[in-house]
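K.L.:
Right, I'll just put the structure down here and ask away after.
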Amino acid sequence: MKRIALLTIAMLFVAVAANAQVKVSDSEDTKLYITLNTVGTMQTLDQKNVFDTKGAKLPDLTSGMQTAFGDLGFLGKFGKNQEIEMYFDLYLASRNHPSTTYGDQGYLILHGVPENLESLKFLKPILSKVDFKAGAFLIDYGDQLEHRSNNAIVQKNPLVGNFVIDPNLVSIGGEIMSKPGARYGWLAGVTNGTNTEDYSVGRGIAYNGKAWFYPVKPLRVSGSIFNVNHSDSATSTATLFSGNRSGERYGAVLGGGQAPGDILPGKGKRLLAYQGDVTFDSAALPLKLYGHYGMTEDRDTNGPAVGRPEECWKYYAAEAKFNLSSTLYAAARYSGAQAMKLNNIDSNGKVGRIQIGGGLWLTKNMLVKAEWVDQKYRGFATGDVVNNGVAA
């Protein structure tokens, strides 16, 4: 039976979103910085079933404050030309671990030849063209990374919530990328395809790539791809769409969990995903536009178990931000997802999230944001699972 599944409506206020960076060392060959981010959010949410037949009642929600989130980051630049960059950060508090501090990223970037390796002449022409990254880092998949909130790092996001499908994976491995500043660029990466170290027999290797160019100066076009096969492992999964370490923005809706209200495609066993992005951002205009379109397919959600059920989604988003003044802006976003196949069965299920809001900069480091959000599920079959619980 096909039906409208769920409706959620929310009004959220971010009371304080603050960022500060402090230089703690500045010598000839060493520069050290500490960055602190913090955010507090008040939410008023309503959720209800709108089944055309009788469905299970969703619990009522009351207004209140979310747990305050915090991040502490450390950045070091070393060498006479700052050819080595090191970064790691800690989640001081997050939705997933509100009372526990734990690590997020930790990586090294090689921009040039280290001074003690200058005798290796072959390195100079290579490192004059590319940079190398190694460690545990956020995989560079899609340009939505510049429009989303990551725990307390929220000021790049003009709204409060993120996208209804939200690619975001910290994994362990390496990337090679072209030098910044050119009209076009590229990167290629190899990781273990999971968000922690993983030595399981049958674990695959993940490959990601990205290319971008600027047809005209204000316009950026990019394409990304991610591919991994963990289908021979009973435990390994690729959490590109479900491994957000910080958790998502809306609390308690649709059963709660780490990603309330988000769509979590597939199981991450044999995953292929690709995404195209377009951004228009001109300093001469007060308007910034962004959009993306992507597809993801898990061709064996059972892994080594019997059978090879498939799951396939397409997803898309459009966003506009208009600067009303140097300190005040308005923003709107639509993000949606359509299930093409769930558990090997063709699907017409659709999810749409509308966000309207804006922000006011109190100082150059402090931002207040407000958002109204409306999210609807349509066309799913009874028993389809698309997020933390059963959607229909």
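K.L.:
Could you derive backbone 3J(HN,Hα) for segment 21-31 from the dihedral phi with the Karplus parameters 6.51, -1.76 and 1.60 (θ = phi - 60°), listing whole Hz in sequence and x where the residue is Gly or Pro?
P.N.:
10, 10, 7, 9, 7, 8, 10, 4, 10, 9, 10
K.L.:
Quick one: grab the alpha carbon gyration tensor of segment 157-265, order the square roots of its eigenvalues as a ≥ b ≥ c, and give me rounded if a/c is under 1.5, else prolate or oblate depending on whether a/b is larger than b/c.
P.N.:
The shape class here is oblate.
K.L.:
Can you give me the % of accessible surface on segment 323-366 that is carbon or sulfur? Probe 1.4 Å, all protein chains present, nothing else counted.
P.N.:
Carbon and sulfur atoms account for 60 percent of the accessible area of segment 323-366.
K.L.:
Pick from 128, 27, 222: which is most flexible by mean-square fluctuation in a GNM of the chain where alpha carbon atoms under 10 Å apart are linked?
P.N.:
It is 27.
K.L.:
What is the percent carbon and sulfur in the accessible area of segment 123-258, measuring with a 1.4 Å probe over the protein chains and ignoring ligands?
P.N.:
62
K.L.:
Hey, another quick one. With each pseudo-label sitting 7 Å past Cα toward Cβ, what's the residue 20-residue 82 distance in nm, one decimal?
P.N.:
2.2
K.L.:
Under a 10 Å cutoff between Cα atoms, tell me which one of 248, 197, 310 has the largest fluctuation in the Gaussian network model of the chain.
P.N.:
In the Gaussian network model the winner is 197.
K.L.:
Sorted by mean Cβ packing within 10 Å, highest first, what order do the peptides 176-182, 367-373 take?
P.N.:
Result, highest mean first: 367-373, 176-182.
K.L.:
Assign one of three labels to segment 137-214, namely rounded, prolate or oblate, based on the Cα gyration tensor with a ≥ b ≥ c the square roots of its eigenvalues; rounded applies when a/c is under 1.5, prolate when it is not and a/b is larger than b/c, and oblate otherwise.
P.N.:
Judged from the Cα gyration tensor, segment 137-214 comes out oblate (a/c at least 1.5, b/c at or above a/b).
K.L.:
Taking K and R as +1 and D and E as -1, what net charge do the other residues with C-beta under 14 Å from the C-beta of residue 92 add up to?
P.N.:
Cβ neighbours under 14 Å give a net charge of -1.
K.L.:
Over the chain, calculate the relative contact order: mean separation of alpha carbon pairs under 8 Å at least 6 apart, over the residue count, as a percent.
P.N.:
15
K.L.:
Can you find, among 385, 117, 320, the residue farthest towards the positive end of the dipole of the chain? Put +1 on the C-beta of Lys and Arg, -1 on that of Asp and Glu.
P.N.:
The Cα lying farthest towards the positive end belongs to 320.
K.L.:
Right, something else. Using the Karplus equation 6.51 cos²θ - 1.76 cosθ + 1.60 (θ = phi - 60°), what ³J(HN,Hα) coupling, rounded to whole Hz, does each residue of segment 110-126 give in order, writing x for Gly and Pro?
P.N.:
With the stated coefficients, segment 110-126 comes to 9, 8, x, 7, x, 4, 7, 10, 5, 6, 7, 4, 5, 6, 4, x, 6 Hz.
K.L.:
Further, regarding this structure: Report the gain in length on full extension from residue 42 to residue 102: 0.36 nm times residue separation, minus Cα-Cα distance, nm rounded to one decimal.
P.N.:
Taking 0.36 nm per residue and subtracting the Cα distance, the gain is 19.2 nm.
K.L.:
Charges only on Cβ, +1 for Lys and Arg, -1 for Asp and Glu: so what's the dipole of the chain about the Cα centre, in debye to the nearest 20?
P.N.:
Around 800 debye, computed over the chain.
K.L.:
Determine the shape class of segment 189-250: with a ≥ b ≥ c the square roots of the Cα gyration tensor eigenvalues, call it rounded for a/c under 1.5, and otherwise prolate if a/b is greater than b/c, oblate otherwise.
P.N.:
Oblate shape, in that a/c is at least 1.5 and b/c is the bigger or equal ratio.
K.L.:
Another one. Suppose every Lys and Arg Cβ carries +1 and every Asp and Glu Cβ carries -1, with no other charges. What dipole size does segment 93-210 come out with about its Cα centre, to the nearest 20 debye?
P.N.:
With Lys and Arg at +1 and Asp and Glu at -1, about 300 debye.
K.L.:
With unit charges on the beta carbon (Lys/Arg positive, Asp/Glu negative), name the residue among 207, 254, 86 whose Cα is farthest towards the positive pole of the charge dipole of the chain.
P.N.:
Result: 254.
K.L.:
Follow-up. Starting from the amide H of residue 340, placed 1.01 Å from N in the peptide plane, find each other amide H under 5 Å away whose residue is 5 or more places distant or on another chain.
P.N.:
The list, which skips near neighbours in sequence, is 312, 313, 314.
K.L.:
Leaving out ligands and nucleic acids, and using a 1.4 Å probe, what accessible area per residue does the chain come to in Å²?
P.N.:
Value for the chain: 46 Å² per residue.
K.L.:
Right, another one. Tell me which residues come under 5 Å, amide H to amide H, from residue 249 once H is placed; ignore anything under 5 positions away on its chain.
P.N.:
Sorted by chain and number, the residues that satisfy this are 162.
K.L.:
Once amide H atoms are built 1.01 Å from N in the peptide plane, which residues 5 or more positions from residue 41, or in another chain, come under 5 Å H to H?
P.N.:
Close amide H contacts, sequence-distant or interchain: 15, 66.
K.L.:
Which value results when the Cα radius of gyration for the chain is divided by 2.2 N^0.38 Å?
P.N.:
In units of the 2.2 N^0.38 Å rule of thumb, it is 1.02.
K.L.:
Next question. For segment 74-88, just list the computed ³J(HN,Hα) in residue order, Karplus coefficients 6.51, -1.76 and 1.60, θ = phi - 60°, integers in Hz, with x standing in for Gly and Pro.
P.N.:
10, 10, x, 10, 10, x, 5, 10, 6, 6, 10, 10, 10, 9, 8
The values are calculated or read from the model by the stated rules, or taken from the named source; none is laboratory data. Bear in mind that the values here come from a model prediction, so they are computed numbers and not experimental data. Methodologically, a virtual Cβ is constructed for each residue, glycine included, from the backbone with ideal geometry; neighbour enumeration extends over all protein chains shown. Note: accessible area is taken over every heavy atom of the protein model, side chains too, but ligands, DNA and RNA are not part of it. Shrake-Rupley method; radii C 1.70, N 1.55, O 1.52, S 1.80 Å.
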